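Participant: Just dropping this structure here.
The values are calculated or read from the model by the stated rules, or taken from the named source; none is laboratory data. On a predicted model such as this, the values are computed, not experimentally measured, just so you know. For neighbour counting, all protein chains shown are included, and Cβ atoms are generated from backbone atoms with ideal geometry for every residue, glycine included. Only protein heavy atoms, including side chains, enter the accessible area calculation; ligands, DNA and RNA are left aside. Shrake-Rupley method; radii C 1.70, N 1.55, O 1.52, S 1.80 Å.
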Amino acid sequence: QAKLAGKNRYHFFDTAKDTAVRGLHESIERIRQGLLNDEFVLFYQPKVNMQQGTVIGVEALIRWQQGDQVMLPPDSFLHHIEDQQLGIELGDRVIRMAMQQIAEWRSVGLQIPVSINVSAQQLQQPDFVASLQYSLSEFPTVIASDLEIEILETSALRDIEQITQVIRDCRKMGVKVSIDDFGTGYSSLTYLKHLRVNTLKIDQSFVRDMLVDPDDLAILEGVLGLAQAFRRTVIAEGVETEEQGKFLLDLGCYYAQGYAIARPMPADEIPNWISQWQPPSSWLDRAVCDRN
Ligand code: C2E
Ligand code: MG
Ligand code: MG
Ligand code: MG
């Protein structure tokens, strides 16, 4: 009797939660269907050396294109499948789509490193590195050094020992590794020493506010100093204005990604974009000053 009352009460108070759970199930099913229908596409955003005016790579960013509806950004759907088997399946699909693209670009004479974002869940799969290697073997013209993986700082901190091993194995294989959104995860200097990555991608929030907030500028300068001491490359994310780029160059940060350079674009626009890109003249002036 008491048990029954408890059960009824549970149902009464939990309708909102039930609805939320049903909503989640529906979202997951739609994503599963989208994967079957090949509705996920990768856009690519260039990364450049502002000082030399060269393109150093492109980052693959997932988009969901359902029929003729507006394209959905990753933040609107990835969280639904964060800890689902489907998250692994979508992650594998991204890796294969990126490799397919590298092979296509190679076949038209364009060789450019492509970075892919990998989730904590993907990294926690014991066979992550092996399956990356297997995928590479399926694309004979794609080599490990064409590929880079981006790991969120917050993911890296989730299971530091395991991620450290993944980083080591990737680099042994020839795949480069970046820490993404660096500065948002509060990793200590000790951790950074163990995270033997090639690149730190400083989070866009610091870049956005560096000209107005002295604390953000101090963090940015700190990361640049640290990176130099540890021989890591730094890429500034979210460079939206020419002014920000110029300021970063003055700080000695040469690599950047952001709307001031290019927005993420469909793969077929990349070859033309690369062949015609010119940095703003104020960046080149900066480079000339530096050489004298
Ligand atoms: P992220 O890896 O840090 O990528 C940078 C995000 O900032 C992208 O958003 C990009 O479009 C945006 N962005 C680039 N330049 C600028 C700028 O100048 N200003 C501003 N305001 N934004 C800029 P997007 O494509 O919506 O992706 C959001 C996040 O979703 C990514 O952040 C990444 O963490 C995640 N993501 C994207 N694709 C994948 C994927 O294939 N797998 C996984 N696991 N995560 C992904
Ligand atoms: Mg990224
Ligand atoms: Mg980022
Ligand atoms: Mg981000």
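Participant: If I filter region 204-219 for residues that are more than 16 Å from ligand 4 (Cβ to nearest atom), open to solvent by less than 90 Å² (accessible area, probe 1.4 Å), under 30 Å from Leu132 (Cα atoms) and in a loop (DSSP other than H, G, I, E, B), do I get at least one hit?
Facilitator: Checking region 204-219: not a single residue is more than 16 Å from ligand 4 (Cβ to nearest atom), open to solvent by less than 90 Å² (accessible area, probe 1.4 Å), under 30 Å from Leu132 (Cα atoms) and in a loop (DSSP other than H, G, I, E, B).
Participant: Looking only at region 196-229, count every residue that is out of contact with any strand residue (DSSP E or B) (no Cβ under 9 Å at 6 or more places or on another chain) and not aliphatic (A, V, I, L, M) and tell me the total.
Facilitator: Residues that pass the stated criteria total 9.
Participant: If you don't mind, there's one more thing I want to ask. Could you tell me whether any residue of region 137-146 is at pLDDT below 95, in contact with a helix residue (DSSP H, G or I) (Cβ under 7 Å, 6 or more places away or on another chain) and open to solvent by 70 Å² or more (accessible area, probe 1.4 Å)?
Facilitator: Scanning region 137-146 turns up no residue that is at pLDDT below 95, in contact with a helix residue (DSSP H, G or I) (Cβ under 7 Å, 6 or more places away or on another chain) and open to solvent by 70 Å² or more (accessible area, probe 1.4 Å).
Participant: Could you count how many residues in region 47-71 are over 18 Å from Glu150 (Cα atoms) and within 16 Å of ligand 4 (Cβ to nearest atom)?
Facilitator: 0
Participant: Any chance you could count how many residues in region 99-120 are polar (S, T, N, Q) and away from ligand 4 (no atom under 16 Å from the Cβ)? Don't jump to the end; show me each part of the working.
Facilitator: Kept after step one, since they are polar (S, T, N, Q), are these residues of region 99-120: 100-101, 107, 111, 115, 117, 119.
Next cut, away from ligand 4 (no atom under 16 Å from the Cβ) only: 100-101, 107, 111.
Adding up the residues that qualify gives 4.
Participant: List every residue pair whose Cβ atoms lie under 6 Å apart, where the two residues are 6 or more positions apart in sequence or sit on different chains, the first residue falls within region 172-192 and is without any contact (Cβ under 8 Å) to a residue 24 or more places away in the chain, and the second residue, located anywhere, is within 16 Å of ligand 2 (Cβ to nearest atom).
Facilitator: none
Participant: Identify, please: which residue in region 170-203 is surrounded by fewer than 21 Cβ atoms within 10 Å (Cβ to Cβ), modelled with pLDDT of 90 or more and assigned to a helix (DSSP H, G or I) and is, among those, nearest to ligand 2 (Cβ to nearest atom)?
Facilitator: Applying the filter and picking the extreme gives Arg171.
Participant: Please enumerate the residues belonging to region 180-205 that are among the hydrophobic types (A, V, I, L, M, F, W, C) and within 11 Å of ligand 1 (Cβ to nearest atom).
Facilitator: The answer is Phe182, Ile202.
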